[in-house]
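**Student:** Provided herewith is a single structure, encoded as structure tokens, for subsequent inquiry.
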Amino acid sequence: MDKAYDPKQTEEKIYRLWSKSGYFNPDKLKARNSYAILLPPPNITGSLHMGHALNATIIDILIRCKRMQGLGAICLPGTDHAGIAAQNAVEKELKKNGVSRFDLGREKFVQAIWEWKEKYGHIILGQLQKIGLSADWSRTRFTMDQKYSEEVKKTFIHYYEKGLIYRGERVISWCPRCQTSLSDLEIEYQEEKSYLWYLKYPLVKIPNSKFQIPNSITVATTRPETMLGDAAVAVNPQDKRYQNLIGQKVILPISPYGGSPEGRKNREIPIIADRAIDSGFGTGAVKITPAHDFLDAEIAERHHLPFYQVINGKAQMTKEAGLDFEGLSVSAAREKIVEELSKQNLIEKTEDYRHNVARCYRCQAKIEPLPSQQWFLRMPALAKMAEKDVRSQKTEIFPKKFEKTYFDWLKNIKDWCISRQIWWGHQLPVWFHEPKCVPPQGREKDIVKCVEMKVSLTEPKCEYCDAKFKQSEEVLDTWFSSALWPFAELSKKDLKKFYPSAVLVTDRGIINLWVTRMIFSGLEFLNQEPFAKAFIHPTVLTKEGKRMSKSLGTGVDPLNLIEAFGADATRFGIIWQMMSNQDIRWDETAVLAGKKFCNKIWNASRFVLANKPAGDSADLARGLTRIKKLTPADKKIIKQLEATKKSVGEDIEKFRFGHALRTIYDFFWHQFCDVYIEKSKKQLSTSESKLKTQKILLSILTESLKMLHPFMPFVTEEIYQNFSSKKQKLLITAKWN
RNA sequence: GCACCCUUAGCUCAAUGGUAGAGCGUACGGUUCACAUCCGUAAGGUCGCAGGUCCAAUUCCUGCAGGGUGCACCA
């Protein structure tokens, strides 16, 4: 053995050794019980970041530990097609050559993404191998595999036939850049400086009114351009200031004019009372734009107000906004409106205002709420099921504080908008027959049965004509397919063995996007929750406590760490910092400590192996309990080993990985190396205690390597290869008792 | 606005109802015989602030401040 440990000469070689052994696949383990963990499928667009590294390390510690405990341990890997993210990534690539996806057309563009996926999609899995993840790669899945796709469609059909999926026109969140609808969870809010405009809407004069009616009512808004779509002004029914005005009408000072200027007549809209209005905000009077605001849409439903869509999917003003505005961008329209209103002296005042603006979680473009025909999954019943499951502890969310995130979302649940207008993804199994058959003479009655739309796995046939059905162009929300990850595409045999999985390990950022949806999907389709526990691990932040971000250049690339310090040191550094489920403020010196520790293990092993007696290692190490006449130092180290094993075992069960690692570290370095090895040097020099001491050294080393292996797999396996027994050739399957 | 979490050595973090510890860094010293990626010694903390409970509080309680997260609002 060399004087220093060199990860570069070791890691690839050892990983190949493991792969060749086939033990990542539990079929080879001949274990009675399984222990499965799903790898949260990274996006095909992803490249390894600290979050992946932490996640994979935790999963791998558990898998390696359970494998050594004799269970049929498996990590089920794969990748996610990442609808919007992948589409955006490839669009960006094409843009470099000045090509848009529309230039290519749908078929060719989707083909380009597939090619891109073949080329780059597997890279992240290779990176996970680099940090040592012992996943069963023979079972690698992809969320757009043919079988997976089929099951996604079957799921849609199941929900549809159960009446849980419906199609409807609703105000939804629309990303004008991605050109698609988004669900509530795909929106991020960002604080922004803006203004609150106080606009005066003149009241319609009523002759002979017994009340004193003011000239105008003032409404506060952050989006003056939406006034073109206003359908009412609303106040709280309790608001004393406006009692006289409820039921009166105001004149929209700028109205969407069409046609000739002579026909110009401003729209008159009512003043209504609605409980949703907060009388403390602004003037207590609010303009209601049903088509472009969620709350306004709700209020409009209650009051049967018309929806005027004045903004389109490209964030431009529509024809309905009137000839003066049609085609203008939202921001240009805003300027024009403000200018016009101030000309008319209808702006009472303007206030500085900070508020949260909704943005697309994939491209950061400003979201436009607008009415659109979409497909929805009815959530109340599913949400109830999911809530009950965690309330009854059938699925345990750990740490418990994250239960709140889960319950909060379920409590305020909205129907899930599952259709997306992008090209990359699972096309809806919905087929259109348009136009309907033209009934031949005398058969009108029969043909009435001809359907315009059919939900079906394969293309349906019309009973009355030869016209082909056309499949819906829309695709499903990526998370609709991710929700099926615990079971889709698994063979019946695998399903029996690996469902439910033991524990789900993931980040808090996707508790509801992913975890919650997996839970209700599992309950719905297999009548059992997909995992017994969901462990929400910490998030890796910068040293300053800020989010790591590639675009801001604040990210740390784990591959660089592996290159500089080795995979074991990187794993050590990550886990060393993972204490009590607080977020990690990244400190690279922990990786340095890991590198030093690798070397310490290496050199202590060199010492022990230089003093290894002849014979099979397994036999030598097992004889520990039979050794007589132990010295106090012998007894002490044996006792310390037992205590360490116990403590580490308990820590791992409770996901206290950082604590476990520090316990082993302290034992190995300070109790074993600093004290016992030093003492052993004397014991080795006398012939009566020599063999005993040699056996103890070998035994403690072997047990230490086993404990360390889940945390630092490469260096421990490499050392083990230098003295492995005929009976137990690999450390990965050595018994961890 | 509501809820939860965090605040301990220069940095990143532990532990603990009764003399506060680690890693990294710093200073000084040592080491042919496993390891200079090593060993030893030292410096360095009124444990965020203000109250309270207790014989005793960094540890328990309350309030405040700063940082973070989730939810609601975001007209």
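The values are calculated or read from the model by the stated rules, or taken from the named source; none is laboratory data. Quick caveat, the model's predicted, so the values are computed rather than measured. Virtual Cβ from ideal backbone geometry, glycine too; neighbours counted across all protein chains shown. To get the accessible areas, we keep the full protein, side chains included, count just its heavy atoms, and leave off ligands, DNA and RNA. Shrake-Rupley method; radii C 1.70, N 1.55, O 1.52, S 1.80 Å.
**Student:** Restrict the check to segment A:168-188 and report whether at least one residue is within 13 Å of RNA strand B (Cβ to nearest atom) and within 26 Å of A:Glu351 (Cβ to Cβ).
**Tutor:** yes
**Student:** To continue, here is another question. Taking into account only those residues within segment A:6-40 that are touching a strand residue (DSSP E or B) at 6+ places or on another chain (Cβ under 6 Å) and hydroxyl-bearing (Ser, Thr, Tyr), which is nearest to A:Ile63 (Cα to Cα)?
**Tutor:** Only one residue fits best here, namely A:Tyr35.
**Student:** Scan segment A:676-687 residue by residue and report those that are more than 8 Å from RNA strand B (Cβ to nearest atom) and either surrounded by fewer than 19 Cβ atoms within 10 Å (Cβ to Cβ) or under 15 Å from A:Ser704 (Cα atoms) (or both).
**Tutor:** Scanning segment A:676-687 gives A:Tyr676, A:Lys679, A:Lys682, A:Leu684, A:Ser685, A:Thr686, A:Ser687.
**Student:** Kindly provide the set of residues from segment A:644-702 that are in contact with a Lys or Arg (Cβ under 7 Å, 6 or more places away or on another chain) and over 16 Å from A:Lys629 (Cβ atoms), ordered by number.
**Tutor:** A:Trp669, A:Cys673, A:Leu698
**Student:** Next question. Considering only residues that are closer than 19 Å to A:Arg106 by Cβ and touching a residue at least 60 places away in the same chain (Cβ under 8 Å), look in segment A:463-480 and name the one that is most open to solvent (accessible area, probe 1.4 Å).
**Tutor:** The selected residue is A:Glu473.
**Student:** Counting only residues that are open to solvent by 30 Å² or more (accessible area, probe 1.4 Å) and hydrophobic (A, V, I, L, M, F, W, C), which one in segment A:410-462 is modelled with the lowest pLDDT?
**Tutor:** A:Val448
**Student:** Can you tell which of A:Phe672, A:Phe711, A:Phe668 is of a type in the set (A, V, I, L, M, F, W, C), at pLDDT 90 or above and not in a helix (DSSP H, G or I)?
**Tutor:** Exactly one residue qualifies, and that residue is A:Phe711.
**Student:** Every residue in segment A:655-675 that is in contact (Cβ under 8 Å) with a residue 12 or more places away in the chain, near RNA strand B (Cβ under 9 Å from one of its atoms) and over 30 Å from A:Lys400 (Cβ atoms), please.
**Tutor:** A:Trp669, A:Phe672, A:Cys673, A:Val675
**Student:** Related question: Only residues that are more than 16 Å from RNA strand B (Cβ to nearest atom) and out of contact with any Phe, Trp or Tyr (no Cβ under 6 Å at 6 or more places or on another chain): list them for segment A:377-410, please.
**Tutor:** Selection gives A:Arg378, A:Ala381, A:Lys384, A:Lys388, A:Asp389, A:Arg391, A:Ser392, A:Gln393, A:Lys394, A:Thr395, A:Glu396.
**Student:** Just name the residue that is farthest from A:His81 (Cα to Cα) out of those in segment A:1-43 that are within 16 Å of RNA strand B (Cβ to nearest atom) and either of a type in the set (Ser, Thr, Tyr) or crowded, with 22+ Cβ neighbours inside 10 Å (or both).
**Tutor:** A:Tyr5
**Student:** Sticking with this structure for a sec: Here's a check for you: in segment A:231-252, which residue that is over 12 Å from A:Ala285 (Cβ atoms) and among the polar types (S, T, N, Q) is nearest to RNA strand B (Cβ to nearest atom)?
**Tutor:** A:Gln238
**Student:** Going through segment A:553-600 one residue at a time, which ones are assigned to a helix (DSSP H, G or I), open to solvent by 50 Å² or more (accessible area, probe 1.4 Å) and more than 6 Å from RNA strand B (Cβ to nearest atom)?
**Tutor:** A:Asn560, A:Glu563, A:Ala564, A:Trp576
**Student:** Residues of segment A:509-552 being assigned to a loop (DSSP other than H, G, I, E, B), closer than 30 Å to A:Lys394 by Cα and more than 11 Å from RNA strand B (Cβ to nearest atom), which ones?
**Tutor:** Within segment A:509-552, A:Asn527, A:Gln528, A:Glu529, A:Pro530 meet the criteria.
**Student:** Quick one: is A:Ile652 assigned to a helix (DSSP H, G or I), within 42 Å of the chain's Cα centre (by Cα) and more than 9 Å from RNA strand B (Cβ to nearest atom)?
**Tutor:** The answer is yes for A:Ile652.
Residue-by-condition table, conditions (1) open to solvent by less than 40 Å² (accessible area, probe 1.4 Å); (2) under 27 Å from A:Thr733 (Cα atoms); (3) in contact with a strand residue (DSSP E or B) (Cβ under 6 Å, 6 or more places away or on another chain); (4) modelled with pLDDT under 90:
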| site | (1), (2), (3), (4) |
| --- | --- |
| A:Arg67 | yes, yes, yes, no |
| A:Gly70 | yes, yes, no, no |
| A:Leu76 | yes, yes, yes, no |
| A:Ile84 | yes, no, no, yes |
| A:Lys92 | no, no, no, yes |
| A:Gly105 | yes, no, no, no |
| A:Lys108 | no, no, no, no |
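**Student:** Would you point out the residue of segment A:601-633, among those that are modelled with pLDDT of 90 or more and open to solvent by less than 20 Å² (accessible area, probe 1.4 Å), that is farthest from A:Gly566 (Cα to Cα)?
**Tutor:** Checked segment A:601-633; the qualifying residue farthest from A:Gly566 (Cα to Cα) is A:Val608.
**Student:** What's the number of the condition A:Glu298 fails, among (1) among the charged types (D, E, K, R); (2) within 12 Å of RNA strand B (Cβ to nearest atom); (3) closer than 25 Å to A:Asn244 by Cβ?
**Tutor:** Condition not satisfied by A:Glu298: (3).
**Student:** Scan segment A:413-435 and report the pairs whose first residue is under 21 Å from A:Arg177 (Cα atoms) and whose second residue is open to solvent by 30 Å² or more (accessible area, probe 1.4 Å) and polar (S, T, N, Q), with Cβ atoms within less than 7 Å and a gap of 6+ or a chain change.
**Tutor:** Cβ pairs passing all conditions: A:Gln421/A:Gln179; A:Gln427/A:Gln471.
**Student:** Spot the failing condition for A:Glu326; the list is (1) in a helix (DSSP H, G or I); (2) free of Cβ contacts under 8 Å to residues at least 24 places away in the same chain, and only one is missed.
**Tutor:** Only one criterion in (1) in a helix (DSSP H, G or I); (2) free of Cβ contacts under 8 Å to residues at least 24 places away in the same chain is unmet by A:Glu326, namely (1).
**Student:** Hey, another quick one. Taking A:Gln364, is it of a type outside the set (Phe, Trp, Tyr), part of a loop (DSSP other than H, G, I, E, B), away from RNA strand B (no atom under 14 Å from the Cβ) and over 30 Å from A:Glu91 (Cα atoms)?
**Tutor:** Criteria not met by A:Gln364.
**Student:** Among the residues of segment A:282-300, is any farther than 21 Å from A:Ile367 by Cα, loosely packed, with under 14 Cβ neighbours inside 10 Å and in contact with a strand residue (DSSP E or B) (Cβ under 6 Å, 6 or more places away or on another chain)?
**Tutor:** No, because not a single residue in segment A:282-300 is farther than 21 Å from A:Ile367 by Cα, loosely packed, with under 14 Cβ neighbours inside 10 Å and in contact with a strand residue (DSSP E or B) (Cβ under 6 Å, 6 or more places away or on another chain).
**Student:** Do the conditions hold for A:Ala112, that is, is it open to solvent by less than 50 Å² (accessible area, probe 1.4 Å), free of Cβ contacts under 8 Å to residues at least 24 places away in the same chain and not in a loop (DSSP other than H, G, I, E, B)?
**Tutor:** The answer is yes for A:Ala112.
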